[in-house]
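Let me begin by presenting the structure, written as structure tokens, before commenting on it.
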């Protein structure tokens, strides 16, 4: 039930509802006419009938995101990932910290547009995905009735996006880097071995550091990825980035023969290793190989996936090999490779249709 009344020169509505047996009310003023206030009150009453939780709708977005992360993410994701969520929350707190009820499609799109001025498109998407997950929870909790983040357009700084697109090596460059890494390799050059592992497995840096000797099956040529290692914050093993991070990867015997050169001082294959040190070694190897691209260790993961896809390995197989949460992530990340492959696939389709089906060809 709503009451409409005038306060000064504007109109206000107040909608009453019951929560845990107690009568409460929500109100809003500033309407120019009584009709506008009445129409707005009807919308409020409809929300009430849908079971909306009015008690938390005034909660600031950043506070809601912080509480959501502590409740659902803390202890379930890697420490580094948790820090990333904190960074995104801090950004929202500074640039778009509005009450949940005041989030609109247009204002949220403007927030993303401003973010896109200084961030690449993939980065903007990461920020959006986190906010959208929180909004989805707010909808499930009846705090919001509709999703203001559902129809946005993801933009990004063009130059930064171009930089992201080139962060992988071609098949020829991959082979050249392999030769540069292997030339004069010795056990004391530990970073080279980490680079080779990344090249031939697509494993994340933390997963490489978390590799233990018992996870390498030298007889069957497989490597089990069961955990990661956080050298930056906790200096301890982690559970991995996603629930699909635990996986078994088939590798060639040559890689395992190289890894066997390393001394087995403890359970971990690699110790006392930092990302910066590996990237420095990679930088020097790229120069020796005559490769002018500036890439980091993570680009080896992209390179691994791109080469497999370009050589016709199925998307689902590559997705499982990388430990992605689902194949959609692989599809979105490597869409440019799949687009390039469409031309070749189109020609294959033409040949099949021109020559008839396999069954017809055998007759």
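The values are calculated or read from the model by the stated rules, or taken from the named source; none is laboratory data. Not measured: the values here are computed from a predicted model. Neighbour counts are summed over all protein chains in view; Cβ atoms, including those assigned to glycine, are modelled from backbone coordinates with ideal geometry.
Numbers for the structure displayed
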read-out: Wholly within region 248-327, helices (runs of 4 or more DSSP H) carrying at least 3 residues that are loosely packed, with under 14 Cβ neighbours inside 10 Å; value: 253-259, 275-288
read-out: Positions within region 4-24 being surrounded by fewer than 13 Cβ atoms within 10 Å (Cβ to Cβ) and under 18 Å from residue 45 (Cβ atoms), in sequence order; value: 5, 18, 19, 23, 24
read-out: Subset of region 140-160 that is exposed (fewer than 15 other Cβ atoms within 10 Å of the Cβ) and assigned to a helix (DSSP H, G or I) - its residue that is modelled with the lowest pLDDT; value: 159
read-out: Neighbours by Cβ (under 8 Å, 6+ apart or cross-chain): first from region 288-311, not assigned by TED's automatic domain parsing to the domain that holds residue 200; second in a helix (DSSP H, G or I) and surrounded by fewer than 19 Cβ atoms within 10 Å (Cβ to Cβ); value: none
read-out: Those residues of region 204-221 which are modelled with pLDDT of 95 or more and touching a helix residue (DSSP H, G or I) at 6+ places or on another chain (Cβ under 6 Å), in sequence order; value: 208, 218, 221
read-out: Subset of region 190-207 (residues that are more than 16 Å from residue 177 (Cβ to Cβ) and either buried (at least 22 other Cβ atoms within 10 Å of the Cβ) or touching a strand residue (DSSP E or B) at 6+ places or on another chain (Cβ under 8 Å) (or both)); value: 203, 204, 205, 206, 207
read-out: Failed item in (1) touching a strand residue (DSSP E or B) at 6+ places or on another chain (Cβ under 7 Å); (2) without any contact (Cβ under 8 Å) to a residue 12 or more places away in the chain; (3) assigned to a helix (DSSP H, G or I), with residue 5 passing the rest; value: (3)
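For every residue, the table says whether it meets (1) in the same structural domain as residue 302 (by TED's automatic domain parsing); (2) farther than 18 Å from residue 275 by Cβ.
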position	(1), (2)
125	no, yes
137	no, yes
180	yes, yes
193	yes, no
